[in-house]
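The values are calculated or read from the model by the stated rules, or taken from the named source; none is laboratory data. Model, not experiment: these values are computed from the prediction. Using ideal geometry, Cβ is built from the backbone for each residue, glycine included, and neighbour counts are taken over all protein chains shown.
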Amino acid sequence: MPKTEQDGMKMIRNYKMLKKFVMEERFDGSSARPNEGVSVDIIKQDQISDETFIDESERISFATLSSTVSSTQVAIKTLRIDEGDKSANLSSTTYLSKLQEVVSKRNHQFQHTNIVEFFGVGTRGECKVFLVMQIANGGNLRDYLKANKKLSIDKKMEIVKGIASGIMKLHGEGITHENINPKNILIFDGIAKISNTPLQFEKPFDKAFRNKDIYAYDDLFDNIGYIDPNAFMKGDYNNDKSTDIYSLGTLLWEVMSEKIPYKDESSDGGILGLIRKIIDGYREKADIPDIPRFPAEYISLYTKCWNGDSAARPTIKEVYDKLKNIN
């Protein structure tokens, strides 16, 4: 717990920054087939029809995408190029070309069954670009668990092993996701895929594509259990892979318990009070009483993952190997 008023104010400032980070818009994508590392296409606006936006800011939509041979239902994410950082010497066509290049590179770099994939990008006017992906027929992981209350333990183990395998691919490529939570795990025909993986742009494109729009429909309490408590005092993650391990530990707990972490704590001291408790070592109950005779190795694994000492957490390979050996 912060020892001085100055420490408390620092924690609050960092909390506000992290709140924005957790709720910010990031590039993400998906594919119903195994990730093949394909290059993405340039999608023209006239290929899109019957578009319906599902949020007030008109950033996320469902639509029909038509090609010369077929039509398919897709999800589209529209993003605004930051005009304050956009170079006057670069056209929207140049930005679209760069986006196509970076997204294609990302698809090739992260070829993995458990990582989602884009298959198209496009532009809307001078200051908007969009990314096209197939619709996740199972929704995000939290919604999937809510809609499938009778999932077997074996199926849940398959899901968490897939997620761990996807994170292991990211870490092997030197990438920290920094935002692992159930809303960034999409389900395709029962297969879990990690979305919202970072895209990396060099100058002058990095600032122009740094989109900070806030999800109006997101609830910070739903994600508070996924934020590494060390980040509340530091104010950032510094590409520390152990932060993904902390988040994964909470995910392992939620998948089996089918409960939102700390949801019952929301009325006890407010969110800042909960943050202080988490920094001091408070965690959800390790045992899952609704699942009798649950493997002790699994419980031990996620409690190690959410250790307050980041150096004491296992690596993603250790997590994955342990999950493979749990019966």
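Which members of region 35-60 meet the condition of being at pLDDT below 90, farther than 15 Å from Phe118 by Cα and among the small types (Gly, Ala, Ser)?
Hit for region 35-60 is Ser57, nothing else.
Can you tell me which residue in region 117-150 is nearest to Leu170 (Cα to Cα), limited to those that are of a type in the set (A, V, I, L, M, F, W, C) and surrounded by fewer than 18 Cβ atoms within 10 Å (Cβ to Cβ)?
Ile135
Answer with yes or no whether Leu65 is surrounded by 13 or more Cβ atoms within 10 Å (Cβ to Cβ), in a loop (DSSP other than H, G, I, E, B) and at pLDDT 85 or above.
Working: surrounded by 13 or more Cβ atoms within 10 Å (Cβ to Cβ): yes; in a loop (DSSP other than H, G, I, E, B): no; at pLDDT 85 or above: yes.
Criteria not met by Leu65.
Regarding region 282-304, can at least one residue be identified that is more than 23 Å from Lys156 (Cα to Cα) and more than 21 Å from the chain's Cα centre (by Cα)?
From region 282-304, those more than 23 Å from Lys156 (Cα to Cα) are 282; that's our starting set.
Still in the list and also more than 21 Å from the chain's Cα centre (by Cα): 282.
Yes, that holds for at least one residue.
Tell me whether region 80-93 contains one or more residues that are in a helix (DSSP H, G or I) and either of a type outside the set (A, V, I, L, M) or at pLDDT 85 or above (or both). Can you show your working first?
Applying the first criterion (in a helix (DSSP H, G or I)) to region 80-93 yields 92-93.
Applying the additional criterion that residues be either of a type outside the set (A, V, I, L, M) or at pLDDT 85 or above (or both) yields 92-93.
Yes - at least one qualifying residue is present in region 80-93.
Quick check, is Gly125 part of a loop (DSSP other than H, G, I, E, B) and without any contact (Cβ under 8 Å) to a residue 24 or more places away in the chain? Before the answer, list the steps.
Values: part of a loop (DSSP other than H, G, I, E, B): yes; without any contact (Cβ under 8 Å) to a residue 24 or more places away in the chain: no.
For Gly125, the condition - part of a loop (DSSP other than H, G, I, E, B) and without any contact (Cβ under 8 Å) to a residue 24 or more places away in the chain - is not met.
I'd like to know if region 12-30 contains one or more residues that are assigned to a loop (DSSP other than H, G, I, E, B), out of contact with any Pro (no Cβ under 9 Å at 6 or more places or on another chain), at pLDDT 55 or above and surrounded by 15 or more Cβ atoms within 10 Å (Cβ to Cβ).
There is no residue in region 12-30 that is assigned to a loop (DSSP other than H, G, I, E, B), out of contact with any Pro (no Cβ under 9 Å at 6 or more places or on another chain), at pLDDT 55 or above and surrounded by 15 or more Cβ atoms within 10 Å (Cβ to Cβ).
Might you check whether a residue that is touching a His at 6+ places or on another chain (Cβ under 7 Å) and surrounded by fewer than 22 Cβ atoms within 10 Å (Cβ to Cβ) occurs anywhere in region 169-177? Explain how you work it out, then say what you get.
Our first condition is that a residue be touching a His at 6+ places or on another chain (Cβ under 7 Å); within region 169-177, this holds for 169-170.
Keeping just the survivors that are surrounded by fewer than 22 Cβ atoms within 10 Å (Cβ to Cβ) gives 169.
Yes - at least one qualifying residue is present in region 169-177.
Can you confirm whether Asn140 is closer than 19 Å to Ile60 by Cα, at pLDDT 90 or above and in contact with a Pro (Cβ under 9 Å, 6 or more places away or on another chain)?
On the way: closer than 19 Å to Ile60 by Cα: yes; at pLDDT 90 or above: yes; in contact with a Pro (Cβ under 9 Å, 6 or more places away or on another chain): yes.
When the stated conditions are applied, Asn140 passes them.
Is there a residue being farther than 13 Å from Ile115 by Cα, in contact (Cβ under 8 Å) with a residue 12 or more places away in the chain and in a helix (DSSP H, G or I) anywhere in region 176-193? Break it down stepwise before answering.
Kept after step one, since they are farther than 13 Å from Ile115 by Cα, are these residues of region 176-193: 176, 178-179, 181-183, 189-190.
Now restrict to residues that are in contact (Cβ under 8 Å) with a residue 12 or more places away in the chain: 176, 178-179, 181-183, 189-190.
Narrowing further to those that are in a helix (DSSP H, G or I): 182-183.
Yes, that holds for at least one residue.
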